[in-house]
Every structure is written in C-alpha cells, then in structure tokens.
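Data block below; observations after.
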Amino acid sequence: SQQGEEDPQALSIQEGENATMNCSYKTSINNLQWYRQNSGRGLVHLILIRSNEREKHSGRLRVTLDTSKKSSSLLITASRAADTASYFCATIGGGRRALTFGSGTRLQVQP
Amino acid sequence: NAGVMQNPRHLVRRRGQEARLRCSPMKGHSHVYWYRQLPEEGLKFMVYLQKENIIDESGMPKERFSAEFPKEGPSILRIQQVVRGDSAAYFCASSPGGNEKLFFGSGTQLSVL
C-alpha cells in the first residue's frame, strides 16, 4: 500500500501564483522528502524535513510537517512555467526499509 | 562527478525474452534502489540493495524478477520471460547510505511487444 498520498492529483495555475500540494502518510516517520519529476526524466530531490521539524524553507519552496495529522504540504511561491512537473512526497514505513512514493501531484504552470 | 547512469535508455523485447537493466550508482554510493513507474503514476518500490546484499526486496514480484549489486560493476535488474505487463519505466537511484536524499537515473523504458 502507498505510504504517502498527494493531493490534489493535478493542479493548474498561472505564472506568479503560489502552488500548494499536500501529502498524507500512514505510519510514523523519521523524515519526509519531496521530489520533483519532469516528464520522461528521473526524480530530483527537493527538500527533506525531519520528524522533529515543523517547517523548512529552500528558496521558493516551503515545506511543513504535522506529525499529529500525519501530513505535509509543499508550497511553491511565485511559480514559473519551469516549475511545471510532477511532485512526489516520499517516506519510509509500512514495513519497508526504502522510500515509498505517493502517486504525485501534476503541476501545470501557465505562462 | 557523473550522476546515476542507467542503460539502456530504451529496451524493446518480445514476450518470453529476457530483459537486463543496468545501473551504475554515483561514485561513493553503496546503496541502490530500483523503482518501476507506469504512465501517469507514482514510483513503485521494487528492491533495495547494498553492495552484494539485498536489504529489502518486498516490492519485487516473486517470479521472473531478480536483482543484484555485485562487489564490482553495476547493479542489474533482470526480468526473465517478459510479458506485456512488464512494460514500464524502471528507475534506479543511489545514496551514500540510508534513505536520505536519493539520486535518480534517467530510467530505462522497457517495451514488451
């Protein structure tokens, strides 16, 4: 079963707007990671947030983590057309010893 | 420093043939992970290996699929007697240790005719 599930499945916004994606997971975690995938390419690591952290920033990215609700959000501020990609959250759990990924949010940023 | 290298980029096989997918991790990385992705879907974990050892193969189908990461050379994902349902993109990732920050290859697109 999927450890992480992203919401929404798809998101379309205009350039300059903010994009928010959510991730819910099922079991306790040590950290939660967000990755980005451009069409036809491998995933690229964006940011890691540890279970004892509530918020983390990296450039235009802001990640929050609520362990009581088993959820995380990824905010991309001032989006650009180049941010168009699929975004995945990843955690370790469900008896596995490797990262498991959600189904992703497909973000389309219209120029 | 070269990234994770996967080859071939595209692989076409007929039903019943064998498929061998190769992955060379980043220099200094001893942990390798294989994932499978169908169009418009997320990555499904298959297997996690450390040099010469399988750490977690809970996502690997019980039959026809095997993986290795020898002391020397790339990691190999082997699919015997391929079927059309095996058609997918197979991604390899590596890390220096544990599960923090995986580095992904560009994937191998397997098409089974």
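The values are calculated or read from the model by the stated rules, or taken from the named source; none is laboratory data. Treat the numbers as computed from the prediction; the structure is a model and nothing was measured. Cβ atoms come from the backbone with ideal geometry, glycine included; neighbour counts cover every protein chain shown. The accessibility values were calculated without ligands, DNA or RNA, using every heavy atom of the protein model including side chains. Shrake-Rupley method; radii C 1.70, N 1.55, O 1.52, S 1.80 Å.
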Would you mind checking segment B:51-70 for residues with the amide N under 14 Å from a putative spin-label position 7 Å along Cα→C-beta of B:V83?
B:61-65
Quick one: go through segment A:73-111 and flag any residue whose amide nitrogen is under 15 Å from the point 7 Å out along the Cα-to-Cβ line of A:T64.
A:73-77
Dimensions of the protein assembly as shown along principal axes (Cα, Å, largest first)?
49, 37, 35
Rounded accessible area per residue of chain A, 1.4 Å, Å²
48 Å²
Considering protein heavy atoms only and a 1.4 Å probe radius, which residues within segment A:65-111 exhibit an accessible-area decrease of no less than 50 Å² in the full assembly relative to the chain by itself?
A:R96, A:R97, A:A98, A:L99, A:F101
How big is chain B on each of its three principal axes, counting only the C-alpha atoms and giving the largest first in Å?
37, 25, 24
Quick one: accessible surface of B:E18, probe radius 1.4 Å, all protein chains present, in square angstrom to the nearest 10.
60 Å²
DSSP beta bridge pairing in chain A, given as percent antiparallel to the nearest 5:
90 percent
Rounded accessible area of A:H57 (nearest 10 Å², 1.4 Å probe):
120 Å²
Between B:H10 and B:E100, the two model label points (7 Å from Cα along the beta-carbon direction) sit apart by a distance in nm of 4.0 nm
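Over segment A:42-111, what is the relative contact order in whole percent, taking alpha-carbon pairs under 8 Å and six or more residues apart?
Working: 89 pairs, mean separation 14.8, N = 70.
It comes to 21 percent, rounded to a whole number.
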Rounded to the nearest 100 Å², what is the sum over both chains of accessible area buried where B meets A, with a probe of 1.4 Å?
1800 Å²
Whole-Å distance, taken between Cα centres, linking segment B:46-113 and segment A:19-85:
25 Å
Dimensionless Rg/Rh of chain A - Kirkwood Rh, Rg from C-alpha atoms
0.96
Two-site FRET efficiency, B:S66 against B:S30, from Cβ-Cβ distance with R₀ of 22 Å, rounded to 0.05
0.65
Hey, can you find the accessible area per residue of chain B for me, probe 1.4 Å, expressed in square angstrom?
50 Å²
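Quick check: at a probe of 1.4 Å, how many percent of the accessible area of segment B:1-56 sits on carbon and sulfur atoms? If you can, show how the numbers build up before the last one.
Values: 1410 of 3070 Å².
Ligands and nucleic acids excluded, carbon and sulfur reach 46 percent.
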GNM on chain B, Cα springs under 10 Å; top mean-square fluctuation among B:S66, B:S95, B:S58 goes to B:S58
Cut-off 10 angstrom, C-alpha nodes, Gaussian network model of chain B. Which of B:L21, B:L38, B:L49 fluctuates the most?
B:L38
Compare B:R64, B:R36, B:R13 in a GNM of chain B, Cα atoms joined below 10 Å, and give the one with the largest fluctuation.
B:R64
A 1.4 Å probe over the protein heavy atoms gives chain A a carbon and sulfur accessible-area percentage of 44 percent
